[in-house]
Amino acid sequence: MPEYREVNWDQAACFDTYNEMFYSVEEERNAHAYNYINAVRSICARCPIYNACLSYAFQYESYGVWGGLTSVERKAMIFPKLYPAQRRRALFDLESYGITKEQVQSCLPKGSK
C-alpha cells in the first residue's frame, strides 16, 4: 500500500476539482449525497492513478470518497461478511462507471479479500 508521498497526486483526475464534494457525501447522507457520489465516481472512473488512490485510501483514510468509494463502502470491501449489502451495492454502482470488482479487489489490503 502506498503512503501519501508515494502517490503522484498531481496526475489525479480530481487534482484541480472542488475537493469538498469528496467529503460532503459523508456529511450529508441524503438525496444530495447521491448526486455527489455519482459526480465523484465519474471523476474517479477516468483517473490515471485510480489504483494507487484506492490502495492508499484502504490503508490510511477513514473519511471521504476515495477511488469512488465512501468510507462505509471501503469498510464493506474490507469486511464483506459484515456489510454484504453495502458491498454489493457499491460494486454494482461502480460497475456502471467502468470500475470492476476485480479492480477494486486488487487495491484491498492483503488478507481482506
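The values are calculated or read from the model by the stated rules, or taken from the named source; none is laboratory data. For clarity, every value in this text was computed on a predicted model and none was experimentally measured. All Cβ positions, glycine included, derive from the backbone under ideal geometry; neighbour counts span all protein chains shown.
Quick notes on this structure:
- For segment 1-55, residues that are surrounded by fewer than 17 Cβ atoms within 10 Å (Cβ to Cβ), modelled with pLDDT of 90 or more and among the aromatic types (Phe, Trp, Tyr) total 2.
Matching residues to (1) under 13 Å from residue 45 (Cα atoms); (2) basic (Lys, Arg); (3) part of a loop (DSSP other than H, G, I, E, B):
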site: 72; (1), (2), (3): no, no, no
site: 77; (1), (2), (3): no, no, no
site: 80; (1), (2), (3): no, no, yes
site: 86; (1), (2), (3): no, no, no
site: 93; (1), (2), (3): yes, no, no
site: 98; (1), (2), (3): yes, no, yes
site: 104; (1), (2), (3): yes, no, no
site: 107; (1), (2), (3): no, no, yes
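- Evaluation of residue 63 against the conditions (1) crowded, with 17+ Cβ neighbours inside 10 Å; (2) under 11 Å from the mean Cα position of the chain (by Cα); (3) among the hydroxyl-bearing types (Ser, Thr, Tyr) shows that the sole unmet condition is (1).
- Residue 24 being farther than 17 Å from residue 94 by Cβ, touching a Phe, Trp or Tyr at 6+ places or on another chain (Cβ under 7 Å) and outside any loop (DSSP other than H, G, I, E, B): yes
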